[in-house]
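The values are calculated or read from the model by the stated rules, or taken from the named source; none is laboratory data. Computed from a prediction, not measured in an experiment: that's the story for all the values here. Please note: Cβ atoms are built from the backbone with ideal geometry, for glycine as well, and neighbour counts cover all protein chains shown. Keep in mind that these areas ignore ligands, DNA and RNA; they rest on the heavy atoms of the full protein, side chains included. Shrake-Rupley method; radii C 1.70, N 1.55, O 1.52, S 1.80 Å.
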Amino acid sequence: MMDFHAHLDRHEIIGLLAGAWLPEQRLLRVERAFPVREAVASGAANDGINVEMDPEDQFKVTEVIQELYGLEVVGWYHSHPSFPALPSVIDIANQLQMQQQFRQAPSGDEPYIAAIVSPYDKRLPGLQSSVTWFRVEGKGNGAAAGAPIGLNVLEQGYVPMELQTERLLRQSTPHSLLRLLPALRITAQRYVTKRSAANLATAWRPPAAAAAAAAESDGWLGTRLGKLLGSVREWWPRRYNNSVESQQVMAWQVDFFLT
């Protein structure tokens, strides 16, 4: 969902991560990603960067996560549409603030993480988007702990730490793809009339590279639609790529965006 969502807008998009924190195992499990509408005055509504969540929609999505799915909010995600998935100073400050809000007593655990998706960075080696997972930690022995959070978080001794992730597959994974279809459709429809919506029929790489990709396919790979389809497919476990469920999801995406 994160990657699909990120492909839909030329400006930054944003959402929440839902899952559970298992303190005994020191494991934070992310089950689903939920798109949240961008705040009117934030990046996606003006210059395209430094996006923020619409507070009302954030509240509604949080309720859905907790009451409908029985999960907890364990993080957030946003996109860097055409530049690397590296946290900016503002990203670091926002993440640090959320970690402190989610700090648990008496353990001091901060079960809240961040993800950045970069779908259209022209330096990508292939179709798969770049994703960086991170959290913020105090430098050294935490000398900056308790300092007021400002934009100069790096000067205060805070640094982003990239996280290593592991995909935990279940027997129900193929069927989960189909259950995502309604959410994908709702998310896609939200961007149909948006001024900053990505035109999926246009090239996403320089003309020469796009033409070469199109020549090797039926014309899609050089477009943003081909990029979206190829990237989403890359995230699926390879043994599911040719499953009936994955083919149905791919067919839906093609039909939706070409009609």
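Quick test of your reading of the structure: Glu166 fulfils all but one of (1) modelled with pLDDT of 80 or more; (2) surrounded by 10 or more Cβ atoms within 10 Å (Cβ to Cβ). Name the failing condition by number.
Checking Glu166 against (1) modelled with pLDDT of 80 or more; (2) surrounded by 10 or more Cβ atoms within 10 Å (Cβ to Cβ), the one that fails is (2).
May I ask you to list the residues in the range 62-71 that are open to solvent by 20 Å² or more (accessible area, probe 1.4 Å) and farther than 19 Å from Gln100 by Cα?
Let us first name the residues in the range 62-71 that are open to solvent by 20 Å² or more (accessible area, probe 1.4 Å), namely 62-64, 66-71.
Selection gives Glu63, Val64, Gln66, Glu67, Leu68, Tyr69, Gly70, Leu71.
Residue check: is Glu155 among the acidic types (Asp, Glu) and modelled with pLDDT under 90?
yes
Residues checked against (1) modelled with pLDDT under 95; (2) surrounded by 17 or more Cβ atoms within 10 Å (Cβ to Cβ):
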{"position": "Val36", "(1), (2)": "no, yes"}
{"position": "Asn50", "(1), (2)": "yes, no"}
{"position": "Pro55", "(1), (2)": "no, no"}
{"position": "Lys60", "(1), (2)": "no, no"}
{"position": "Val73", "(1), (2)": "no, yes"}
{"position": "Ser88", "(1), (2)": "yes, no"}
{"position": "Leu96", "(1), (2)": "yes, yes"}
{"position": "Ala105", "(1), (2)": "yes, no"}
{"position": "Asp109", "(1), (2)": "yes, no"}
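Please identify the pairs in which a residue from the range 18-31 that is touching a residue at least 12 places away in the same chain (Cβ under 8 Å) and aromatic (Phe, Trp, Tyr) has its Cβ atom under 8 Å from the Cβ atom of a residue that is in a loop (DSSP other than H, G, I, E, B) and open to solvent by less than 60 Å² (accessible area, probe 1.4 Å), counting only partners at least 6 apart or on another chain.
Trp21/Asp109; Trp21/Pro111
When you look at Phe83, is it farther than 16 Å from His7 by Cα and either assigned to a loop (DSSP other than H, G, I, E, B) or open to solvent by less than 40 Å² (accessible area, probe 1.4 Å) (or both), yes or no?
No: the conditions fail for Phe83.
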